[in-house]
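First up is the structure itself, then whatever we jot down about it.
The values are calculated or read from the model by the stated rules, or taken from the named source; none is laboratory data. All figures in this text were calculated on a predicted structure; none of them were measured in a lab. Cβ atoms come from the backbone with ideal geometry, glycine included; neighbour counts cover every protein chain shown. Areas reflect the complete protein model, heavy atoms only, side chains present, ligands, DNA and RNA absent. Shrake-Rupley method; radii C 1.70, N 1.55, O 1.52, S 1.80 Å.
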Amino acid sequence: MIEHFHHPYKELQRLRNLLKPQGLLFIQTHRHDDIPSIKHWYYAKDPTHVFLCSLKTCQMIADMFDLKIIETTPRCVVLQAN
């Protein structure tokens, strides 16, 4: 659950380094794509949620780590290593 990553770049880099070519990385979280105000969103009020994502954030992660998004659901984004 990516929302608990205190150092998301470092932790995602570690996960990326474990992936073989064509390996899959699943990001499971509630995304704030259509939330008008994160301030009042129940998910953001959980103090253990320190890194919140949108689909745009997931695309940035894919770009940073040479991954591609191959599937999305409301609570999961599947990335594949190139």
Report, by residue number, each residue of region 15-34 that is within 16 Å of residue 58 (Cα to Cα) and either surrounded by 10 or more Cβ atoms within 10 Å (Cβ to Cβ) or of a type in the set (Val, Ile, Thr) (or both). 15, 16, 24, 25, 26, 27, 28, 29, 30, 31, 32, 33
Kindly indicate the residue of region 54-68 that is polar (S, T, N, Q) and closer than 13 Å to residue 2 by Cα and also most open to solvent (accessible area, probe 1.4 Å) among those meeting that condition. 57
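Anything in region 41-78 that is among the polar types (S, T, N, Q) and farther than 24 Å from residue 24 by Cβ? List them, or say none. Before the answer, list the steps.
First pass over region 41-78, keeping only residues among the polar types (S, T, N, Q): 48, 54, 57, 59, 72-73.
Passing the criteria: only 48.
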Failed condition for residue 5, given (1) touching a strand residue (DSSP E or B) at 6+ places or on another chain (Cβ under 9 Å); (2) in contact (Cβ under 8 Å) with a residue 12 or more places away in the chain, with all others met? (1)
Result of the Cβ filter at 6 Å on region 55-80, keeping first residues that are among the polar types (S, T, N, Q) and partners that are open to solvent by 30 Å² or more (accessible area, probe 1.4 Å), at least 6 apart or interchain, is 80/24; 80/68; 80/70
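Being hydroxyl-bearing (Ser, Thr, Tyr) and either in contact (Cβ under 8 Å) with a residue 40 or more places away in the chain or open to solvent by less than 100 Å² (accessible area, probe 1.4 Å) (or both) is the filter here, so list the residues in region 35-53 that pass it.
Across region 35-53, the qualifying residues are 37, 43, 48.
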